[in-house]
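Colleague: Dumping the structure here so I can ask a few things about it.
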Amino acid sequence: MPAEEKKDVKGRDISRRQFFKEAGAVSAAVAAAASSSVVGPEEAEARTTFAEFFQKNYRLMTDEEKKEACDRLEQRHSEEYGKKVTVDGSPAMKDVLFGYALNIQKCIGCRSCVHACVKENNQSRHDAEIQWIRVIRMEKGNFNIEDMNKGYPNTPNEPFGTKIGGNAYKGAGVVLEGQHYYQPERVPEKDAFYFPVQCMQCENPPCVKVCPVKTTYRDPDGIVVIDYNWCIGCRMCMGACPYWARRFNWGDPNLPAEEMNPKTHYLGNRPRMRGVVEKCTFCLQRTRKGRYPACVEVCPVGARKFGNLLDPASEVRKVLERKKVFRLKADKNTYPKFFYFID
Amino acid sequence: MSEDKESEVKREGVDFSKRAFIKTALIGGIAVASGAVIAKKIASNIPNTGLTKASVSDELQQDRVMKDKEFVVMSKEEKERMVKMFVSEYSYKA
């Protein structure tokens, strides 16, 4: 057919090729519009590259692969949050084994550590809120050492029976369930003390042993880390943790772009996704650069001490040497490197 | 196009031509894509109270676990033994 015959009365090209060209352009435009509205800036998963899906477990990667993985995340998170995000892959430092000590006598329950941790580590802000540190309020007992032998039996001529006097009817101090939601006008409260709990970075971590995909492991500096890309969300590690210190992302984390901390670490505070477990990492994005964890830095009463357990001059070693340090009575041989102490 | 061919593709007023088919398919595709986008937007904007409940339940579980713990003061020997173990078992494998 001659070319002239493919034109309509107005002289427009109506050939099949022209039709497919136009149809293709329209479809592409529609698909692009639809996909951009599906993806949106908040949809981290939608921007996940194939390379990210098929990457190896982080600890099995070569240095080059690790760098590529970090670069990919940097690019994706920078686009998502509209700012320059860095994803660091710094390995553990040599001759360093991190340890942490908390003076339970000094803690005033202000929860500055909780909020600093949330900000530093890009935790989900709402629906559902995730906090790696929980401060549990405990009722202070009022047993008095001087009154220990002052009580006497209620039955005059018998050496047994209900005791009266001395420490009788005085509270021994108990943990009240749900008391990490305390909202007093001011802290510390007269009749309470506070018990912050977070990951204890066990030397012999049960969570590592149960992970079926080996995504959680102990780094040489003693920090138990998680490769979020390999976590399958089975929650086995949560059940195995004797302190229930791990948190699960039931939904997509809500992290507003303006509140996002752009200085991240691959194994630490980079934004997480739905269906993965996360926990305290002793702020490894800071501590592997010689800085204190955010909670230590922010504590207004200096109740938190942090340092290298291999260094006899470190704060944490001094605490172990000189203070009254507690361990769990029912020790499961986990050897936590997080110690509670009193002066 | 001859009149015979034209009547072949337009039986009972319905257009069976290739062009009409592609046109319908395209419109259908657009409709499905738009529907999916709208459904996703709506679904993502519905607050999921179940997630918060599950999360709070995890936190309360920590309370229950920690409530059962009993702490005892470590003796000097215990502390020394523990530190010795940390130091002697340290090894760096990057």
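Residues are listed down the side, and each one gets a yes or a no for (1) within 30 Å of A:Ser124 (Cα to Cα); (2) at pLDDT 90 or above; (3) surrounded by 11 or more Cβ atoms within 10 Å (Cβ to Cβ); (4) more than 10 Å from chain A (Cβ to nearest Cβ):
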{"residue": "B:Glu3", "(1), (2), (3), (4)": "no, no, no, yes"}
{"residue": "B:Gly13", "(1), (2), (3), (4)": "no, no, no, yes"}
{"residue": "B:Ala33", "(1), (2), (3), (4)": "no, yes, yes, no"}
{"residue": "B:Gly50", "(1), (2), (3), (4)": "yes, no, yes, no"}
{"residue": "B:Val56", "(1), (2), (3), (4)": "yes, no, yes, no"}
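Colleague: Filter the stretch A:63-102 down to residues that are polar (S, T, N, Q), modelled with pLDDT of 95 or more and farther than 21 Å from A:Arg291 by Cβ, then give me how many there are.
Modeller: The total comes to 0.
Colleague: Being assigned to a loop (DSSP other than H, G, I, E, B) and touching a strand residue (DSSP E or B) at 6+ places or on another chain (Cβ under 8 Å) is the filter here; which residues of the stretch A:245-268 pass it?
Modeller: At the first step, the residues of the stretch A:245-268 found to be assigned to a loop (DSSP other than H, G, I, E, B) are A:245-246, A:249-256, A:260-262, A:266-268.
Once the filter is applied, which keeps residues that are assigned to a loop (DSSP other than H, G, I, E, B) and touching a strand residue (DSSP E or B) at 6+ places or on another chain (Cβ under 8 Å), the stretch A:245-268 yields A:Ala245, A:Arg246, A:Asn249, A:Pro262, A:Tyr266, A:Leu267, A:Gly268.
Colleague: Give just the number: which of (1) within 12 Å of chain B (Cβ to nearest Cβ); (2) out of contact with any Ser or Thr (no Cβ under 6 Å at 6 or more places or on another chain); (3) closer than 16 Å to A:Met93 by Cβ does A:Gly290 not satisfy?
Modeller: So the condition that A:Gly290 fails would be (1).
Colleague: Within the stretch A:292-315, track down each residue that is open to solvent by 70 Å² or more (accessible area, probe 1.4 Å) and within 25 Å of A:Ser124 (Cβ to Cβ).
Modeller: Matches in the stretch A:292-315: A:Tyr292, A:Glu297.
Colleague: For the stretch A:297-320, which positions are on the phi < 0 side of the Ramachandran plot and part of a loop (DSSP other than H, G, I, E, B)?
Modeller: Scanning the stretch A:297-320 gives A:Cys299, A:Pro300, A:Val301, A:Ala303, A:Leu309, A:Leu310, A:Asp311, A:Pro312, A:Ala313, A:Ser314.
Colleague: Hey, another quick one. Condition first: within 18 Å of B:Asp58 (Cβ to Cβ), open to solvent by less than 30 Å² (accessible area, probe 1.4 Å) and either touching a helix residue (DSSP H, G or I) at 6+ places or on another chain (Cβ under 6 Å) or touching a residue at least 60 places away in the same chain (Cβ under 8 Å) (or both). Now tell me which residues in the stretch A:221-239 satisfy that.
Modeller: A:Cys237
Colleague: Sticking with this one: In the stretch B:68-94, what residues are surrounded by 13 or more Cβ atoms within 10 Å (Cβ to Cβ) and among the acidic types (Asp, Glu)?
Modeller: Of everything in the stretch B:68-94, those that are surrounded by 13 or more Cβ atoms within 10 Å (Cβ to Cβ) and among the acidic types (Asp, Glu) turn out to be B:Glu78, B:Glu80.
Colleague: Can you tell which of B:Lys93, B:Lys40 is assigned to a loop (DSSP other than H, G, I, E, B) and either of a type in the set (Asp, Glu) or facing chain A (nearest Cβ under 7 Å) (or both)?
Modeller: B:Lys93
Colleague: Collect the residues in the stretch A:188-218 that are open to solvent by 20 Å² or more (accessible area, probe 1.4 Å) and under 29 Å from A:Phe53 (Cβ atoms), keeping them in residue-number order.
Modeller: Of all residues in the stretch A:188-218, those open to solvent by 20 Å² or more (accessible area, probe 1.4 Å) come to A:188-191, A:193, A:203-204, A:206, A:208-210, A:212-214, A:218.
Passing the criteria: A:Val208, A:Lys209, A:Val210, A:Pro212, A:Val213, A:Lys214, A:Arg218.
Colleague: Could you list all residues from the stretch B:68-88 that are more than 41 Å from the chain's Cα centre (by Cα) and outside any helix (DSSP H, G or I)?
Modeller: B:Val72, B:Val73, B:Met74, B:Ser75
Colleague: Scan the stretch A:136-165 and report the pairs whose first residue is in contact (Cβ under 8 Å) with a residue 60 or more places away in the chain and whose second residue is among the hydroxyl-bearing types (Ser, Thr, Tyr), with Cβ atoms within less than 8 Å and a gap of 6+ or a chain change.
Modeller: Once the first residue is in contact (Cβ under 8 Å) with a residue 60 or more places away in the chain and sits in the stretch A:136-165, its partners that are among the hydroxyl-bearing types (Ser, Thr, Tyr) give A:Ile136/A:Tyr194.
Colleague: Among the basic types (Lys, Arg), assigned by TED's automatic domain parsing to the domain that holds A:Leu310, farther than 30 Å from A:Pro312 by Cβ and open to solvent by 60 Å² or more (accessible area, probe 1.4 Å), is that true of A:Lys84? Talk me through it step by step, then tell me what you get.
Modeller: Working: among the basic types (Lys, Arg): yes; assigned by TED's automatic domain parsing to the domain that holds A:Leu310: yes; farther than 30 Å from A:Pro312 by Cβ: yes; open to solvent by 60 Å² or more (accessible area, probe 1.4 Å): yes.
Criteria met by A:Lys84.
Here's the yes/no breakdown for (1) under 23 Å from B:Val65 (Cα atoms); (2) hydroxyl-bearing (Ser, Thr, Tyr); (3) outside any strand (DSSP E or B):
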position: A:Lys66; (1), (2), (3): no, no, yes
position: A:Gln75; (1), (2), (3): no, no, yes
position: A:Glu79; (1), (2), (3): no, no, yes
position: A:Val87; (1), (2), (3): no, no, no
position: A:Asp95; (1), (2), (3): no, no, yes
position: A:Ile108; (1), (2), (3): yes, no, yes
position: A:Val114; (1), (2), (3): yes, no, yes
position: A:Ala128; (1), (2), (3): yes, no, yes
position: A:Trp132; (1), (2), (3): yes, no, yes
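Colleague: Which residue, of A:Lys289, A:Lys324, A:Lys318, A:Lys332, is in the same structural domain as A:Lys83 (by TED's automatic domain parsing) and under 19 Å from A:Glu120 (Cβ atoms)?
Modeller: On the way: A:Lys324 fails: under 19 Å from A:Glu120 (Cβ atoms); A:Lys318 fails: under 19 Å from A:Glu120 (Cβ atoms); A:Lys332 fails: under 19 Å from A:Glu120 (Cβ atoms).
From the options A:Lys289, A:Lys324, A:Lys318, A:Lys332, the qualifying one is A:Lys289.
Colleague: For B:Val65, all conditions in the list (1) exposed (fewer than 12 other Cβ atoms within 10 Å of the Cβ); (2) in a helix (DSSP H, G or I) hold save one; what is the number of the exception?
Modeller: Every condition holds for B:Val65 apart from (1).
The values are calculated or read from the model by the stated rules, or taken from the named source; none is laboratory data. Note that the structure is a prediction, hence the values are computed from the model and not measured. When we count neighbours, we look across all protein chains shown, and the Cβ atoms used for this are built from the backbone with ideal geometry, even at glycine. What goes into the accessible areas is simple: the full protein's heavy atoms, side chains included, and nothing from ligands, DNA or RNA. Shrake-Rupley method; radii C 1.70, N 1.55, O 1.52, S 1.80 Å.
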